[in-house]
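What follows is calculated from the coordinates using simple rules that are stated; it is not laboratory data. Keep in mind that this is a model prediction, so the values were computed, not measured. Cβ atoms come from the backbone with ideal geometry, glycine included; neighbour counts cover every protein chain shown.
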Amino acid sequence: MDKKFKKALLVGAGAAAGITLTRKFVRSVINRTHDHALKILMEDPYDENLWELVSASTRIGLQNVLETNLRSAEGKAIARPMGSPKKFPSLDDLVFTFAQLYNMPTPLEEAIDTKVVIGKKAEKPFTVDIPIMIAPMAYGEALSKKAKIALAKGSAMAGTSTNTGEGPFLPEERRAAKYLIYQYNRGDWGKTPEIIRQCDAVEIQIGQGALGGVGHVMYAKDMDKELREAFNFPPGKNAVAHSRQPEVKEPKDFALLVKKLKDIGRGIPIGVKMAAGKHLEADLRIICEAGIDFISMEGAEAATKASAPILQDDFGVPMVFAIARAANWLKENGYQDRVTLIASGKMRTPGDVLKACALGADAVYMGAVALFALSHTQVLKPLPFEPPTQIVWHGAKYANKFNVNEGAKYLYQFLLACKDEIDKGIKALGKTRLAEVGREDLMALNELIGKGCGISMAYDPFLPK
């Protein structure tokens, strides 16, 4: 046998023996450490036991423990992104029936109509192909220019609309969008006749589900040159979103603002974005008597880039009740065929969309989920060392690495898949049009939801008339 080969065998055997010994040593160390640690946990008095942290955290909640420490460190209201983790009464407590014999299913080959008119009686309404619209998310205050353009392109490919959010107007977003809704913010930027006339609708912001009617400030020190120029602000000026529309100092002023925007917009739909509260029906009366064309109704679950946890967790009407109440009021007061109702707040799945429409909404806004679809595998760029939002936030470390066309494609495919599932759901109900779906197609799994929305319980026997 060759000497070199023998030497190689000996080296190999030595390495294998070394690996075996190392493995045994490591296992022995891990075993002793494990046993020692568990022995301490099993024998230390509770007030000295590390498990007390687990016990206390379970009782108080890890979210609350973390936010307690953030409040202690900052000494001011903390700003939590992406909405409340709280579980509200929700659409999860509703299920659909099946058409089988008593009601026959729709034939497989039948086409399904999911088109929705925005601004039913406006002079210049527009029609989206699907009941899903992209929610208002602001350029600069939240999203990057690339993310906004991708949202516009993806929504256009799907034949639906996107919303500017309260940030500065982006001409690039206008060019990419098929239908663009301009959010009439509570600040002093944009809102010119030139901007309004470029858009397909105007949405007056009076509140949000995650912010209510609370104002907020984006400080000049947090604006880069690009954003300051987009706001058309001089150096040192803050962007202040007031708690009220500056032109609406008392309720009667709202009608004057609506009239002004109708005149400027020359017939495009004028809507309102609002949070649902206790006085919902009284708010609706003021809004509808002012001649509004659509209402974007946000439930308590709605999110924003950042707001105080108290506003997210402890204020507002859950969306399932907000839409039911709003739809009831519109129908009872003769506005159902005049005003388009858009549901907003934690809309996640095609099932959520169809349930919201069955409760009385004409369409829904999707925000956070649209961002997940948009960013898809691009979130791998900031992960694992940065959060996935770093690919879409304005000024974030990885925002420039976002690929617009790729994001638009994946958003389009997501919306296309949602449309396909919604079509199947409508067929399973024995219907051919989204507008035919109603509360009679739903069953409640929760008595609170059943009573609050006027829906029979899943355990109730059906008695044909």
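Rank these for me by crowding, Phe233, Phe402, Phe294, going from fewest to most other beta carbons within 10 Å. Don't skip to the end; give the middle numbers.
Details: Phe233 17, Phe402 23, Phe294 27.
Ordered from fewest to most neighbouring Cβ atoms within 10 Å, Phe233, Phe402, Phe294 come out as Phe233, Phe402, Phe294.
With the cut-off at 1.5 for a/c, could you classify segment 264-386 from its C-alpha gyration tensor as rounded, prolate or oblate? Please list the in-between numbers first.
Numbers: a/c = 2.02, a/b = 1.76, b/c = 1.15.
In terms of gyration-tensor shape, prolate.
Cross-link candidates for Lys252: which lysines have Cα within less than 23 Å, leaving aside residues fewer than 8 places away along the same chain?
Correct list for Lys252: Lys121, Lys191, Lys260, Lys262, Lys273, Lys278.
Number of Lys pairs in segment 375-465 with C-alpha atoms less than 25 angstrom apart, excluding same-chain neighbours closer than eight positions?
Lysine pairs, 8 or more places apart or on different chains, close enough: 12.
Mind pulling up the Rg/Rh value for the chain? Radius of gyration and Kirkwood radius, both on Cα.
Computed over Cα atoms, the ratio is 1.10.
As I understand it, the value is the acute angle between the Cα axis of helix 350-359 and the longest principal axis of the Cα atoms of the chain; what does it come to in degrees, rounded to 10?
Computed tilt is about 30 degrees.
Treat segment 114-248 as a sphere of radius equal to its Kirkwood radius over Cα pairs and apply Stokes-Einstein at 4 °C in a medium of 1.567 mPa s; give the translational diffusion coefficient in µm²/s, rounded to a whole number.
D, rounded to a whole number, is 84 µm²/s.
Any idea how far the Cα center of segment 198-243 sits from the one of segment 378-446, in Å?
26
Using the alpha-carbon centroid of each, what span in Å lies between segment 279-338 and segment 70-98?
So the separation of the two Cα centres works out to 18 Å.
Taking 20 °C and 1.002 mPa s as the conditions, I'd like the Stokes-Einstein D for segment 404-465 in µm²/s, using the Kirkwood hydrodynamic radius from alpha carbon pairs.
150
Would you be so kind as to identify which of Tyr219, Gly351, Met319 lies farthest towards the positive end of the dipole of the chain, taking Lys and Arg as +1 and Asp and Glu as -1 on Cβ and the Cα centre as origin?
With unit charges placed on the Cβ atoms, the residue in question is Tyr219.
Find out how many positive minus negative residues lie around Gly159, taking Lys and Arg as positive, Asp and Glu as negative, among other residues whose Cβ is under 12 Å from that of Gly159.
+2
Rounded to the nearest 20 debye, what is the charge dipole size of segment 411-461 about its Cα centre when +1 sits on each Lys and Arg Cβ and -1 on each Asp and Glu Cβ?
The dipole of segment 411-461 has a size of about 140 debye.
Based on Cβ point charges of +1 for Lys and Arg and -1 for Asp and Glu, what charge dipole magnitude is obtained for segment 91-453 about its Cα centre, in debye rounded to the nearest 20?
880
Using helices alone, what [θ] at 222 nm do you get for the chain, with -39,500 (n - 2.57) per DSSP H run of 4 or more residues, divided over all residues and rounded to the nearest 500?
One gets -12500 deg cm²/dmol as the mean residue ellipticity at 222 nm.
Antiparallel as a % of all DSSP beta bridges within the chain, to the nearest 5?
Around 30 percent of the beta bridges assigned by DSSP in the chain are antiparallel ones.
Rounded if a/c is under 1.5, else prolate if a/b beats b/c, else oblate: with a ≥ b ≥ c from the C-alpha gyration tensor eigenvalues square-rooted, which is segment 176-231?
It is oblate, given that a/c is not under 1.5 and a/b is not larger than b/c.
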